[in-house]
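The values are calculated or read from the model by the stated rules, or taken from the named source; none is laboratory data. Note that this is a predicted model, so its numbers are computed, not measured. When we count neighbours, we look across all protein chains shown, and the Cβ atoms used for this are built from the backbone with ideal geometry, even at glycine. Ligands, DNA and RNA are excluded from the accessible area calculation, which covers all protein heavy atoms including side chains. Shrake-Rupley method; radii C 1.70, N 1.55, O 1.52, S 1.80 Å.
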Amino acid sequence: MTASHATPHAGHYYVPQPSLYPVFLSGGMFLLALGFILLMNKFAPGPWVMAGGAAVIVFVLFKWFGAVIAENQRGAYTDWEDKSFRQGMVWFIGSEVMFFAAFFAALFYCRTISVPALAGMDPLFTLYQGYTGGWPTAGPKGASFTPMGAWGIPSINTALLLTSGVTLTWAHWGLMKAKRSQLNLGLILTVLLGVTFLAFQAYEYHHAYTELGLTMGAGVYGATFFMLTGFHGFHVTLGAIMLAVVAGRSLAGHFDAKRHFAFEAVAWYWHFVDVVWLLLFVVIYWL
């Protein structure tokens, strides 16, 4: 690729130089996953491999975000790029919808089909005599545990995420009305609410493992509980990081009422995370 292809021209779509960032990011993700597998199997290098992978990911994201921000600030992006960015974000959130839909479908199948089927087998031939199939359950051979209730930390986290949606919308209004203080304060509050949510979730996991017997080994309930809430927590983490980047850019004066795709993209993502949590709260904790 020549240098002329990496600079914007009137009427032409901006194409950046080839980059090794995707390769390094993939390597960091591989190390993070490998370290987690080693840790789960009690191999000593596991935590160190995870730390190395996380360090690579943080470094790449810092550099990659910086490169994209620099391109935007020097005017490389036009309305063409803005339109394609929005289309790309819509498709990305659509893929996230399908991602969570698969796990919700797995939970639905377990609760309404497989567990009742085990309980309804002919007692003359079944290996699970006396199994009633009530929910929550660890399965006919699973260890006993105490399920997580809806009230307490889950309800507090629900209030935190709903409030964060309000503060983010309030920040958006400040952006559209050129009220920089409202924009900045709203973003900072949203980040703090997201971080508080994650702190409560970490405490909840510790409480579940140490006091309730609710672990990944607690049968189908434990597996679906940690799979759904864990992936949601991972998405909250990513959203909080992106919101922190957007807040930093806002403090630097990067956005205005007409050019603020980065803000809107992260806002769409955060509201999607809020909606997923509401479904999780009802299906996992309440019902």
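So here's what we get for this one:
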{"quantity": "Residue-by-residue Karplus 3J(HN,Hα) for the stretch 25-33, coefficients 6.51, -1.76, 1.60, Hz, glycine and proline x", "calculated": "5, 4, x, x, 5, 4, 5, 4, 5"}
{"quantity": "Directionally averaged projected area (convex hull, Cα atoms, the stretch 131-239), nm²", "calculated": "7.5 nm²"}
{"quantity": "Fraction of accessible area attributable to carbon and sulfur, the chain (%, probe 1.4 Å)", "calculated": "73 percent"}
{"quantity": "10 Å-binned pair-distance histogram of the stretch 219-287 (Cα, whole percent)", "calculated": "19, 39, 23, 14, 5, 0"}
{"quantity": "Rg [Å, one decimal], Dmax [Å, integer] - the stretch 30-112, C-alpha atoms", "calculated": "19.2, 55"}
{"quantity": "Enclosed volume per residue, in Å³, of the convex hull spanned by Cα atoms of the stretch 10-66", "calculated": "70 Å³"}
{"quantity": "Label-to-label distance, nm, for residues given as residue 185 and residue 39 (7 Å Cα→Cβ offset)", "calculated": "3.8 nm"}
{"quantity": "In the stretch 11-102, trypsin sites (Lys or Arg not before Pro) in a DSSP loop with at most 15 other beta-carbon atoms within 10 Å", "calculated": "42, 74"}
{"quantity": "FRET E, pair residue 24, residue 119, Förster distance 45 Å, beta-carbon r, rounded to 0.05", "calculated": "0.35"}
{"quantity": "Relative compactness, the stretch 16-170, computed as alpha-carbon Rg over 2.2 N^0.38 Å", "calculated": "1.58"}
{"quantity": "Mean accessible surface per residue for the chain, computed with a 1.4 Å probe while every protein chain stays in place, in Å²", "calculated": "56 Å²"}
{"quantity": "Amide N proximity, the stretch 49-80 versus residue 93 label position 7 Å along Cα-to-Cβ, cut-off under 20 Å", "calculated": "80"}
{"quantity": "For the stretch 1-121: relative contact order, % (alpha-carbon pairs under 8 angstrom, 6 or more apart)", "calculated": "20 percent"}
{"quantity": "Debye intensity ratio in log₁₀ form over the Cα atoms of the chain, taken at each q of 0.08, 0.12, 0.15 Å⁻¹", "calculated": "-0.46, -0.92, -1.27"}
{"quantity": "Calculated over the stretch 166-213: convex hull of Cα atoms, volume per residue (Å³)", "calculated": "47 Å³"}
